[in-house]
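Read the structure below first, then the notes.
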Amino acid sequence: MSNYHIKRLEEYFQVYRKSVRYPEIFWEEIAEEHFVWRKKWDSVLEWDFTKPEIKWFDGAKLNITENCIDRHLQIRGDKTAILFEPNDPNEEAQHITYRELHDQVCRMANVLKDKGIQKGDRVVIYLPMVPELAISVLACARIGAIHSVVFAGFSSTALATRIVDCGAKMVLTSDGSYRGKKILDLKSIVDEGLQECPSIESVLVVKRTGTPVEMVENRDYWLAPLMESAYSDCVPEIMEAEDPLFILYTSGSTGKPKGMMHTTAGYMVYTAFTFKNVFQYREDDIYWCTADIGWITGHSYIVYGPLANGATTVMFEGVPSYPDYGRFWEIVQKHKINQFYTAPTAIRALAKENLDFVTKYDLSSLKVLGTVGEPINEEAWHWYNDHVGEKNCPIVDTWWQTETGGILISPVPFSTPTKPTYATLPMPGIQPTLMDETGTEIKGNPADGRLCIKFPWPSIARTIWGNHQRYKDTYFSAYEGKYFTGDGALRDEVGYYRITGRVDDVIIVSGHNLGTAPIEDAINEHPAVAESAIVGFPHDIKGNALYGYIILKETGESRDRSNLSKEINEQIANKIGPIAKLDKIQFVPGLPKTRSGKIMRRILRKIASNEMGNLGDTSTLLNPEVVDQIIEERL
Ligand code: 7RM
């Protein structure tokens with residue numbers, strides 16, 4: 001208990017207790033105090049997790065862009081809303097003020113209307129991280145169109161599947177996109193995808209790279225001239241609280257992607273509230289989240305949450321390795337970043353490189369560091385804390401999902417003491433619980449189980465677009481009356497949560513439930529190891545045995561592999577126990593990852609089990625080529 005500061009925790013618990021005892025009063029007070037409403041709600045919350053149906057602030061009327069832009073004009077008109085840092089460090093950064101953002105969003109909204117987009121229509125946005133991406137998201141929201149951003153690294157097939165699923169009328173894209181040294185021809189990917197998308201009526205094209213493109217007559221239009229001649233004011237469409245705001249696709253573990261649908265008022269209230277509290281944003285701070293707006297993290301914590309708070313939010317077009325591995329820290333110094341939010345995969349990649357890339361920059365502006373996306377291992381946590389935060393910045397390990405819309409479990413800096421690898425405590429209003437395999441709630445601490453949430457929060461997704469049954473089956477059927485996250489978690493003696501990863505990542509070896517994360521942690525602590533992934537494969541005696549895929553650091557490359565394997569297994573035996581030793585260890589050049597940095601264990605599992613025939617869809621991978629290499633050298 002000694003490493004917790006009970007007094008500081010007590011402050012958090014006071015707010016938390018109120019939010020659980022009187023949830024409607026709690027959220028109503030926040031909604032009243034911080035937002036502009038055209039009409040107040042008739043009821044704060046109506047819910048039934050068995051249907052499931054959830055309504056927040058029903059009867060209220062608002063427009064989210066009025067909250068994110070218009071209301072700031074009086075006091076913050078000349079404040080930078082979006083700070084755009086281009087891929088090329090020699091290209092000048094753009095400071096887009098709230099007034100300019102208003103102008104741009106209104107113009108684009110008028111362009112959309114002019115092309116026949118109306119309230120409720122779906123617009124797919126397939127753009128790189130340029131200002132037009134944020135502007136088009138907001139332009140859709142301005143007129144009540146439902147945006148669906150598709151990450152501009154996805155293939156034409158992945159794009160087409162999403163367009164067809166939501167029946168979009170329009171695509172917004174660009175001629176090309178810069179990613180480090182590379183240029184990607186986005187428009188030609190769109191052209192290919194659109195061959196199977198009859199619902200699309202028009203395509204608006206942003207000029208970014210100057211890549212030559214084909215423009216289809218009466219379908220494709222350059223955006224800039226249309227914006228220029230558009231009227232710079234656009235009356236916001238007045239929306240109902242529960243009107244859809246956006247659809248965002250998340251890859252299911254099998255089958256087709258799920259279009260998670262988020263609605264307006266609850267999403268706005270929750271993302272704004274959590275942004276302010278988790279990052280402790282203060283008026284003149286410069287906040288940077290390195291995610292792409294193609295992910296939920298970018299929706300909630302680059303666009304809506306920060307802008308609802310009148311913040312300055314940085315949009316970075318490039319990659320952490322260009323022109324070298326110091327780019328992130330160069331940007332932190334250049335723009336005097338106060339809050340920095342990134343993913344463990346990026347931290348691990350940067351921690352592999354020479355420390356000079358970090359130490360040569362002045363990072364003293366930093367106040368709060370964040371991580372999101374997967375469990376952060378001890379080693380990466382300490383590297384982040386020691387070398388980026390210089391032991392001076394609380395790390396907010398934020399656990400949440402596309403489905404949850406906003407952060408559900410995270411420290412609140414300066415109030416919740418942090419603990420390495422722990423996401424710590426639920427945000428106010430969030431009621432997590434752990435369930436055992438028999439479907440019983442586990443009371444008492446410490447505990448280890450499946451993470452569920454017992455009570456609705458304002459930004460929970462309301463359905464899967466076009467498939468409410470799948471929504472119910474996936475999230476509300478495993479445990480009656482509860483939202484099932486699909487993740488496993490530990491809860492320590494004071495109630496801190498540590499997310500151990502997807503429950504489907506648990507492997508049962510000789511009857512022992514082994515989570516992949518702690519084993520990977522133990523392996524990653526070996527000085528020669530950069531990253532690892534563990535999967536199970538069928539074994540005659542143990543039921544399952546463990547197969548480890550390991551990436552070595554440069555310094556480990558020259559070492560003898562069989563000695564290394566022995567050392568790694570000894571380390572596992574020491575840290576976890578001999579039961580968790582690996583039967584097979586394959587040293588690999590890389591791991592198959594999703595574009596947002598999550599390891600695709602599904603593919604590794606199939607390779608380990610010798611089922612290479614049906615690897616499933618690998619087109620959304622960041623590095624599909626690595627799969628062939630792993631198969632070739634399979635043990
Ligand atoms: C925001 C986002 C959701 C899944 C989730 C977890 C994993 C996310 C953490 C984490 C451990 C964290 N949305 N996850 N954050 N695991 N600690 N702080 O990532 O829909 O793309 O993914 O990501 O498994 O269920 S997501």
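The values are calculated or read from the model by the stated rules, or taken from the named source; none is laboratory data. For clarity, every value in this text was computed on a predicted model and none was experimentally measured. Using ideal geometry, Cβ is built from the backbone for each residue, glycine included, and neighbour counts are taken over all protein chains shown. Each accessible area value is taken on the protein alone, full model and side chains, heavy atoms only, with ligands, DNA and RNA left out. Shrake-Rupley method; radii C 1.70, N 1.55, O 1.52, S 1.80 Å.
Points to keep in mind about this one:
- Residues that are open to solvent by 60 Å² or more (accessible area, probe 1.4 Å), more than 16 Å from the ligand (Cβ to nearest atom) and over 30 Å from Asn563 (Cα atoms) within segment 600-622 comprise Gly613, Asn614, Asp617, listed in sequence order.
- Where Gly597 falls short, out of the listed (1) modelled with pLDDT of 90 or more; (2) open to solvent by less than 20 Å² (accessible area, probe 1.4 Å); (3) in contact with a helix residue (DSSP H, G or I) (Cβ under 6 Å, 6 or more places away or on another chain): (1)
- Remark: pairs (first residue in segment 539-550, among the β-branched types (Val, Ile, Thr); second residue at pLDDT below 85 and open to solvent by 10 Å² or more (accessible area, probe 1.4 Å); Cβ separation under 8 Å; 6+ apart in sequence or on different chains) = Ile541/Ser510.
- Within segment 375-412, considering residues that are within 15 Å of the ligand (Cβ to nearest atom), in a loop (DSSP other than H, G, I, E, B) and farther than 20 Å from Cys452 by Cβ, the one nearest to the chain's Cα centre (by Cα): Ile376
- Segment 429-446, residues that are away from the ligand (no atom under 16 Å from the Cβ) and open to solvent by 10 Å² or more (accessible area, probe 1.4 Å): Gln431, Asp436, Glu437, Thr438, Gly439, Thr440, Glu441, Ile442, Lys443, Gly444, Asn445, Pro446
- Here is the figure for segment 449-506: residues that are touching a Gly at 6+ places or on another chain (Cβ under 9 Å) and within 11 Å of the ligand (Cβ to nearest atom) total 12.
- Each residue in segment 123-151 was checked for being part of a helix (DSSP H, G or I), closer than 20 Å to Pro306 by Cα and not charged (D, E, K, R), and 10 of them qualify.
- Qualifying residue in segment 571-581 (condition: open to solvent by less than 30 Å² (accessible area, probe 1.4 Å), assigned to a loop (DSSP other than H, G, I, E, B) and without any contact (Cβ under 8 Å) to a residue 60 or more places away in the chain): yes
- Scan of segment 502-544 for residues that are assigned to a strand (DSSP E or B) and at pLDDT below 80, ordered by number: Arg502, Val506, Ile508, His512, Asn513, Leu514, Gly515, Gly543
- Qualifying residue in segment 100-119 (condition: touching a helix residue (DSSP H, G or I) at 6+ places or on another chain (Cβ under 7 Å) and not in a helix (DSSP H, G or I)): yes
- Any hit, segment 367-381, residues being crowded, with 21+ Cβ neighbours inside 10 Å and of a type in the set (Gly, Ala, Ser): yes
- Within segment 253-265, at least one residue is modelled with pLDDT of 95 or more, in a loop (DSSP other than H, G, I, E, B) and more than 16 Å from the ligand (Cβ to nearest atom).
- Entry remark, segment 317-331: residues being among the β-branched types (Val, Ile, Thr) and either within 17 Å of His95 (Cβ to Cβ) or open to solvent by 50 Å² or more (accessible area, probe 1.4 Å) (or both) number 1 in total.
- Candidates Glu214, Glu237, Glu283 - the one that is open to solvent by 60 Å² or more (accessible area, probe 1.4 Å), closer than 16 Å to Cys140 by Cβ, touching a residue at least 12 places away in the same chain (Cβ under 8 Å) and not hydroxyl-bearing (Ser, Thr, Tyr): Glu237
- Members of segment 161-191 that are among the basic types (Lys, Arg) and out of contact with any Gly (no Cβ under 9 Å at 6 or more places or on another chain): Lys181, Lys182
- Residues that are among the small types (Gly, Ala, Ser) and either open to solvent by 90 Å² or more (accessible area, probe 1.4 Å) or outside any helix (DSSP H, G or I) (or both) within segment 554-570 comprise just one, Ser558.
- Complete set of residues in segment 332-349 that are assigned to a helix (DSSP H, G or I) and open to solvent by less than 10 Å² (accessible area, probe 1.4 Å): Val332, Pro344, Ile347
- Taken together, Thr312, Thr263 contain a single residue that is more than 26 Å from Trp465 (Cα to Cα), open to solvent by less than 10 Å² (accessible area, probe 1.4 Å) and touching a Leu at 6+ places or on another chain (Cβ under 7 Å), which is Thr312.
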